[in-house]
């Protein structure tokens, strides 16, 4: 796992949100406790680690034990609690050092930039706006509410690619269309790898880049299945500016 190749005109770049472009300070432990108490009252005892997959599991167990109506109500309640926590946290969001400069460098060379996040759409849009990024200025914004399954499933990556192509992204003539996915968690790498298998043979190549300092450290990054890695925030900016100055 070495340094990634620099982006070039005709490429596209997908970014994870929380931990990659910015830090969204959701009180996850408090959220886990709230979810656990709610589902315990319905006969389901889970630790909610990781959070989103365990919510899905809890809803399935409620469906099995208490029926469809109560499962749907539990699903709506859990989604609302999580969405409110994300929106509330957006008031204290902080951009990662170098992230906004990286976005500006890429967009300055007309490289399409999209966000693929496991957060709710309202949470994503408010967090982006809080750091000065207008969501409509991006080529695509995909939240977990837009797809059947969040990362590590490839659904969000594939939807972002569909939106890019619908908006006229064709890549550089004579070159394979290359798509970078920059993330901070193993789920990002797994989503990119799964998407790569699906788009193989379509002229699109997926390249995943791990950025330490979010959900993985520099030391643990080699254990995540990224194709390449960056050493830190300044390297993200320098990587993006490699094409801006070309």
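What follows draws every value from the coordinates through simple rules; no lab data is involved. Just so we're clear, the structure is a prediction, and the values are computed from it rather than from any experiment. Quick reminder, even Gly has a Cβ in these numbers, built from the backbone with ideal geometry, and neighbours come from all protein chains shown.
Side notes on the structure shown:
- Angle in degrees between helix 51-66 and the longest Cα principal axis of the chain, rounded to the nearest 10: 30
- Three semi-axes describe the equivalent ellipsoid of the stretch 49-167; taken as square roots of 5 times the Cα gyration tensor eigenvalues and ordered largest first, they are 31, 17, 11 Å.
- For the stretch 28-90, dividing the convex hull volume of the Cα atoms by the residue count gives 66 Å³ per residue.
- Top of 112, 148, 135 by mean-square fluctuation, Gaussian network on the chain, Cα under 10 Å: 148
- The stretch 1-112: translational diffusion in µm²/s, Stokes-Einstein, Kirkwood Rh over Cα pairs, 25 °C, 0.890 mPa s: 146
- Of all DSSP bridge pairs formed entirely within the chain, close to 10 percent run antiparallel.
- Where a label projected 7 Å from the Cα of residue 122 along Cα→Cβ would reach, residues of the stretch 1-42 with amide N under 13 Å: none
- With N counted as the residues of the stretch 94-146, its alpha-carbon radius of gyration over 2.2 N^0.38 Å works out to 1.10.
- Its relative contact order, with pairs defined as Cα atoms under 8 Å and 6+ residues apart, puts the chain at 28 percent.
- Scaled to the globular estimate 2.2 N^0.38 Å, the Cα spread of the chain, given as radius of gyration, is 1.04.
- Protection-proxy order for peptides 152-158, 186-192, 4-10, each taking the mean of Cβ atoms within 10 Å per residue, highest first: 186-192, 152-158, 4-10
- Note on residue 100 and residue 37: their simple-model spin labels are 3.7 nm apart, each label 7 Å out from Cα toward Cβ.
- Helix 186-199 vs. the chain, principal-axis angle (Cα, 0 to 90°, nearest 10): 70
- Gaussian network model of the chain, springs between alpha carbon atoms under 10 Å - residue of 19, 108, 43 with greatest fluctuation: 43
- Residue among 109, 136, 96 with the largest mean-square fluctuation in a Gaussian network model of the chain, springs linking Cα atoms under 10 Å: 136
- Nearest-ten-degree value, helix 28-40 long axis tilted from longest Cα axis of the chain: 40
- Mean ellipticity per residue at 222 nm, deg cm²/dmol - from DSSP H runs of n ≥ 4 across the chain, formula -39500 (n - 2.57): -14000 deg cm²/dmol
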